[in-house]
Structure formats: C-alpha cells, structure tokens
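So the structure is just underneath, and the comments pick up after that.
The values are calculated or read from the model by the stated rules, or taken from the named source; none is laboratory data. All values reported here derive from a predicted model rather than from experimental measurement. Counting neighbours? That spans all protein chains shown, and the Cβs are built from the backbone with ideal geometry, glycine included.
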Ligand code: 3PG
C-alpha cells in the first residue's frame, strides 16, 4: 500500500470522530470493556499505544468490538508495525517518521499516520507521499497557532494534533482548516481503566464526540 493510499485511509479514519482516544493500557482484561465504552460514546477510532506489555493483547481483544477501528500507537520500528498488524491493528501512529517505517508499512499494507513537528518534517513526509500527519507534541511545539502558521505554506496537509490536548483547548485546534481531528489520552484515564469505570469513560467519549471548531 503506497504512502498516498495509507494517507487516504488514515484521513478517512480521522474524519470519523473529532477525537481519537490515545490509550495506555496495562491489563488486557480491561481492553474489551474499554473499547466498548469508547465506541458507545461516539469515539470509535482507538489508538492503543505500544507502551505496555499488555498493548498487543489489548489490540487483539479490541479488534473484535463491533463498530471500532483499532490502531497501534507509539509504532517506532518495522517490528512494531508487524506485531501491531498481526494483532489486528488496522492503522499505525508514530511520533515521527523513518525510512524503515515507511518501507515496512508500505510492504505490509498498514496505513501509517506519521508524526511531524516542523515544516521540514512535514515536507519530508510529503515527499514520501504522506499528506495526513500527526502534529506532535502539539501543545509543546506551539499549539494551534503553530499549526495555523504551517497551513500557510503547506495547505495541502491535514493534521491530527496530539500531546497536551484537553477538552479545554481541543476546539482551538478543531477550528483550524488543516485539522481533521485531535488525539488525546483524557478519554481513557488510567484511573477509570483500572477501576473498570466504563460509564465515566463513555461519558467523556460522548462529550469529546460533540466537540467541534
Ligand atoms: C501521547 O503520546 O501520550 C499522546 O500524544 C497523548 O498525549 P496526551 O496524554 O497529552 O493526550
């Protein structure tokens, strides 16, 4: 799958809901309940970060939840991409972009949402064929004003900003013409996951699903 085709897929996924929950899960037994709550709340595109031993089992469990679109986050290497795809992930998110990751995702047909932080990184991703990008770590690198400014010379790129985004500032991003959705971990807090507090997760997802610019 070419990078252009990968970006078509990730763009379509990013259009499904205004927020992609970024999930850090430490107990795969919680995965299915968590995914059900997020899907029910209206945020069905899920990024499970490969930051815990439970992540791949969690992806496996979530992949069976109807209505969900489960991807892997923190995909750093070709091996990460392959393991994520084998576990059932249908897309991958990375904090950056490497040649090895481009080659791996192209070869195995896993749509990649690569991370960028500067104009040169955006241009490099465009050169490779990606025009749907993550902007990371969004708040730290200038936030919504920086993304607005990038849209001047690079209007052909769409972004999913992630990092430091909350219900308090999400609208600042979502109102920009070059932002399709945001990523954020607030929907799936560690406290609510470990307590199995799915009503609270669903409520946060419901609020996030209503966000717009
Ligand atoms: C991350 O990599 O953890 C994501 O960017 C989520 O960031 P957040 O916790 O600030 O939402």
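Would you point out which residue out of 127, 172 is surrounded by 15 or more Cβ atoms within 10 Å (Cβ to Cβ) and on the phi < 0 side of the Ramachandran plot? Every option except 172 fails the conditions.
One residue alone among 88, 96, 73, 67 is surrounded by fewer than 17 Cβ atoms within 10 Å (Cβ to Cβ), at pLDDT 95 or above and within 16 Å of the ligand (Cβ to nearest atom), and that residue is 96. Within segment 1-12, being surrounded by fewer than 22 Cβ atoms within 10 Å (Cβ to Cβ) and within 12 Å of the chain's Cα centre (by Cα) holds for one residue alone: 11.
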